[in-house]
Amino acid sequence: MRAKPTRNRRVKIRVSPASFKQHLPPPVLNLEMPPKPFNPPRPKGAGVKKTTAKSTATKSKASTTATKRKAAATSKKSKSQRAPEPSDEEDVESNASASSKEDVSRGSETSRIEVDVQEGVVEVVEEEERATIPPELLTRLLHEFFQQDGTRIAKDANAAIGKYVEIFTRESLTRCVYMKREQAEEGGRLDDGFCEVEDLEKLAPQLLLDF
Amino acid sequence: MDDELQERLKAALWYSIGKIVDEETMRLNTNATPQFIGALSEMVWAQIENVAIDLESFSRHAGRMTVNTDDVLLVTRRNDALHGIIEDFINKEKAKSAKTPGKARAKK
């Protein structure tokens, strides 16, 4: 049930022009992600969060397709041109290697592909640099906390818990920033740009309920 | 767990959390005090403890000795958004390992 709308949303993000896409990630985080803690009814808040999450997931997928496209584009450029077919972004995403041939055949499309490819490279780098909890450390911690003997943990499950902890950390900081910004707008106190323990204390209860 | 070991594990966790926080503060154009990172590390520590015990219980309830991804998904059952993210992540990882059969075979 959940899978369908997810796919649609992904396509939508990709369809957006390259220039818009470049500017997309920060605003989404700043404006849409934070409202969650202050909207306890889950469906609404959850939806907001999901959008941002999907965009990051999309990113990595897009980057892989982009690199694929790069390879396809370079190999096809030397070959003879095919008849131009009407192809939009959706086609490109769903059938990367096939549609890239069509794109190359159109002069105006070529420049767009190059932009995409460059973005793809940047995104790949970004993805690799993302800090996370070392899996070995997490395994060790989990085993320290297990109460019964002989409990083991699958490798992919360990990675998933790592992601969970990472999201937990990032979410706490994002909520902190948003909370401070809101307080500054209300004029309660000055936003000095520092997240402090006091802020964490305020957001901890809701955060722990959400995780 | 003796105190010395606990201290060392906490230090390791602190370091890792610090790296994530640094990355995120850069992205959000903000700052976090060292005390904030310390307090957050304590929270994460407690959260991992809770999650570990939950995961163990879930896997035992399913008649298993090994925690697998289904148990992790069950941990996130209350938060639909989080459930979706983790589900995506697991599927992505699965697809990745399926694409590199050499590695998967080597694991066996």
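The values are calculated or read from the model by the stated rules, or taken from the named source; none is laboratory data. The shown structure was predicted, so the numbers you read here are calculated from the model rather than taken from an experiment. Backbone-built Cβ (ideal geometry, glycine too); neighbour counts: all protein chains shown. These area figures cover heavy atoms from the full protein model, side chains too; ligands, DNA and RNA do not enter into them. Shrake-Rupley method; radii C 1.70, N 1.55, O 1.52, S 1.80 Å.
Quick one: A:VAL165 ticks every box in (1) modelled with pLDDT of 95 or more; (2) open to solvent by 20 Å² or more (accessible area, probe 1.4 Å) except a single one, so which number is it?
Every condition holds for A:VAL165 apart from (2).
From the list B:LEU9, B:LEU5, exactly one residue is surrounded by fewer than 18 Cβ atoms within 10 Å (Cβ to Cβ), facing chain A (nearest Cβ under 7 Å) and either touching a strand residue (DSSP E or B) at 6+ places or on another chain (Cβ under 9 Å) or part of a helix (DSSP H, G or I) (or both). Which is it?
It is B:LEU9.
Of the residues in the stretch A:163-176, how many are over 16 Å from the mean Cα position of the chain (by Cα) and more than 7 Å from every other protein chain (Cβ to nearest Cβ)?
Total meeting the criteria: 2.
Residue-by-condition table, conditions (1) touching a strand residue (DSSP E or B) at 6+ places or on another chain (Cβ under 6 Å); (2) more than 15 Å from B:THR30 (Cβ to Cβ); (3) within 8 Å of chain B (Cβ to nearest Cβ):
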site: A:ALA131; (1), (2), (3): no, yes, yes
site: A:GLU136; (1), (2), (3): no, yes, no
site: A:THR139; (1), (2), (3): no, yes, no
site: A:GLY150; (1), (2), (3): no, yes, yes
site: A:ALA157; (1), (2), (3): yes, yes, yes
site: A:TYR178; (1), (2), (3): no, no, no
site: A:PHE194; (1), (2), (3): yes, no, yes
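If I go through the stretch B:48-66 residue by residue, how many of them are at the interface with chain A (Cβ under 7 Å from one of its Cβ atoms) and within 13 Å of the chain's Cα centre (by Cα)?
Total meeting the criteria: 4.
Find all pairs meeting these conditions: Cβ atoms under 8 angstrom apart; at least six residues apart or on different chains; first residue within the stretch B:71-99 and closer than 24 Å to B:HIS61 by Cα; second residue in a loop (DSSP other than H, G, I, E, B) and open to solvent by less than 10 Å² (accessible area, probe 1.4 Å).
B:LEU82/B:THR76; B:HIS83/B:THR76; B:ILE86/B:THR76
Inspect all residues belonging to the stretch B:91-104 and state whether any of them is part of a loop (DSSP other than H, G, I, E, B) and β-branched (Val, Ile, Thr).
Yes: one or more hits.
I need a count of the residues in the stretch B:26-47 that are more than 7 Å from chain A (Cβ to nearest Cβ) and part of a helix (DSSP H, G or I).
9
Within the stretch B:49-63, take every residue that is within 13 Å of A:PHE146 (Cβ to Cβ) and free of Cβ contacts under 8 Å to residues at least 12 places away in the same chain and give me the one that is most open to solvent (accessible area, probe 1.4 Å).
Among those residues, the one meeting the criterion is B:ASN50.
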